[in-house]
Amino acid sequence: MRVIFLQDVPRVGKRHDVKDVNDGYAMNFLLPRKLAEVANPKNLAELERRKKEIVVKKEIQAELLEKNLEELKDKVVRIKAKADEKGHLFSGIHKKEIAVALHEEHRVEINEEFIDLEKPLKTLGEFEISVKVGNKKSFFKLVVEAE
């Protein structure tokens, strides 16, 4: 049976793939769990429409990211966190918290996956954070202060 995968299924297929699988596997596992749908002409046309939509969204996102990277230069982001008297944070500052702070303070929306941070920040102070999208790179200053 030919199916369209709605979600990634390990060792079988990825989302939006069209593949032939055993009838029993499709009927008893994939279809009831909404992991795939039957690849009929109507569903294949819908899949093509969804793929075109995704391409358009990615192009728009790429343009917005380039604009956001330009806005990032020379920005200072401040995050307050609980710390002990030696300046060590009780909880590290992760990429997600940095992305949220960027959005709250400067209305610059950058996905956390583009923030170049090897490990969470665990101390108070100033840090130079880089954001890399494709081959473009931008920097901003992050100041971690005690609450």
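Overview of results
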item: Cα gyration tensor, the range 67-146 - rounded (a/c under 1.5), prolate or oblate; result: prolate
item: The range 79-125, relative contact order [Cα under 8 Å, separation at least 6], %; result: 45 percent
item: Relative contact order %, the chain, counting alpha carbon pairs below 8 Å whose residues are six or more apart; result: 20 percent
item: Max mean-square fluctuation residue, GNM over the chain, Cα-Cα springs under 10 Å, options K19, K132, K57; result: K19
item: Euclidean distance between Cα centres, the range 19-43 to the range 88-123, Å; result: 40 Å
item: 20 Å Cα-Cα reach of K58 towards lysines, excluding residues that sit fewer than 8 places from it in its own chain; result: K14, K67, K132, K136, K137
item: Full-stretch length increase - D20, E105 - with 0.36 nm per residue and alpha-carbon distance subtracted; result: 25.6 nm
item: Acute angle (nearest 10 degrees) that the helix 41-72 long axis makes with the longest principal axis of the chain, alpha-carbon atoms; result: 10 degrees
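We did not get these values from a lab; they are worked out from the coordinates using the rules stated. The model shown is predicted, which means the values in this text are computed figures rather than measured ones.
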